[in-house]
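Colleague: Have a look at this one.
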Amino acid sequence: MSTGLFGSLLELISIISGGLAKLTPAQLGLTFAAAVGITTLCAWVCLHYVQLWNKRFQLTMTHKVLTALACTLTFFFVLAFAGLAFMKEVTLARITIWQATIKIDPVWSRETLHKTYESVKKIGKEDFSNFPSYEVGVPISQSESKLIVAETYSNEACKNFDAQHPFLSKVVWASPNVPTRIVQEDVEAYFKNKQGQVYPTERAVDLAADHIKTQLTQQAPRVVTLSRIGLVIAFLLVQLIPFGLIGYAAYTDIRSSFKSA
């Protein structure tokens, strides 16, 4: 399992846990009761269904262990199915926390400033004589430079979110970027109101966060539906393992008894 897939799985489990925490005590009790009931039913059926057509068949320890593992996973599948109901609320709260945290991250700010400096310098529209290094600052007198600053900060914020939230980033986008059109419109709106000569980096982060929230709000219902379908399929596949092995063993036992008769 790759690091990215493992990180996505951990975040999904965390989101489900957060969703379960939003249930009322009564709802949580019913959810656990349903999980225990479905798990118990699956265990009983799995351990006894072969008795319908092979009463002398005896389960091995391997069969019992596989059944126990399948039932344990079934218990958590039921909890996950319920926890996904609050995916939208939980994820929006996580984005808000990330939005506040990245603004005070000195490492991210320094690295992004360096990238902005190099990007503006590359277009050759600014005088860098008074800006020997990125620590001094970035000259942004030209409209192209202002757009580069906004675009670099917003896109680097998206990439940071991509790294920090591997599961949610797969929900939001295929590539971690804010569309240039959105950034350009925001830059033009900001300077049209003459709010200052420098586009605030915090505004670029907020722009990225708003874009992420918008995309997540649009995608969340589909993701919840697909995730629940995935849980049902996983449940069936997990149950198929002990059911299939036990059924095959019972069938083999009948065949051997017929041959020896």
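The values are calculated or read from the model by the stated rules, or taken from the named source; none is laboratory data. The shown structure was predicted, so the numbers you read here are calculated from the model rather than taken from an experiment. All Cβ positions, even for glycine, are placed from backbone atoms using ideal geometry, and neighbour counts span all protein chains on display. The area values use the complete protein model at the heavy-atom level, side chains included, leaving out ligands, DNA and RNA. Shrake-Rupley method; radii C 1.70, N 1.55, O 1.52, S 1.80 Å.
Colleague: Can you find even one residue in the stretch 121-134 that is open to solvent by less than 60 Å² (accessible area, probe 1.4 Å), in a helix (DSSP H, G or I), among the polar types (S, T, N, Q) and modelled with pLDDT of 90 or more?
Modeller: No - not one qualifying residue is present in the stretch 121-134.
Colleague: Is it the case that Gln239 is assigned to a helix (DSSP H, G or I) and either open to solvent by 30 Å² or more (accessible area, probe 1.4 Å) or among the charged types (D, E, K, R) (or both)?
Modeller: no
Colleague: What is the one condition in (1) over 22 Å from Thr112 (Cβ atoms); (2) of a type outside the set (D, E, K, R); (3) touching a Phe, Trp or Tyr at 6+ places or on another chain (Cβ under 6 Å) that Thr201 does not satisfy?
Modeller: Answer for Thr201: the failing condition is (1).
Colleague: If you don't mind, there's one more thing I want to ask. Can you tell me how many residues in the stretch 20-56 are β-branched (Val, Ile, Thr), open to solvent by less than 40 Å² (accessible area, probe 1.4 Å) and in a loop (DSSP other than H, G, I, E, B)?
Modeller: 0
Colleague: Okay, moving on. Please give the number of the condition Ile13 fails out of (1) over 30 Å from Ile254 (Cα atoms); (2) aliphatic (A, V, I, L, M); (3) not in a helix (DSSP H, G or I).
Modeller: (3)
Colleague: Now a separate question. Looking only at residues in the stretch 82-93 that are out of contact with any Gly (no Cβ under 7 Å at 6 or more places or on another chain) and buried (at least 19 other Cβ atoms within 10 Å of the Cβ), which one is nearest to His48 (Cα to Cα)?
Modeller: Among those residues, the one meeting the criterion is Ala82.
Colleague: Write out, first by first residue and then by second, each pair whose Cβ atoms fall under 7 Å of each other, whose residues are 6+ apart or on separate chains, and whose first residue, in the stretch 161-184, is closer than 22 Å to Val224 by Cβ and modelled with pLDDT of 90 or more while the second is outside any helix (DSSP H, G or I) and open to solvent by less than 50 Å² (accessible area, probe 1.4 Å).
Modeller: Correct list of pairs: Phe161/Pro176; Asp162/Pro176.
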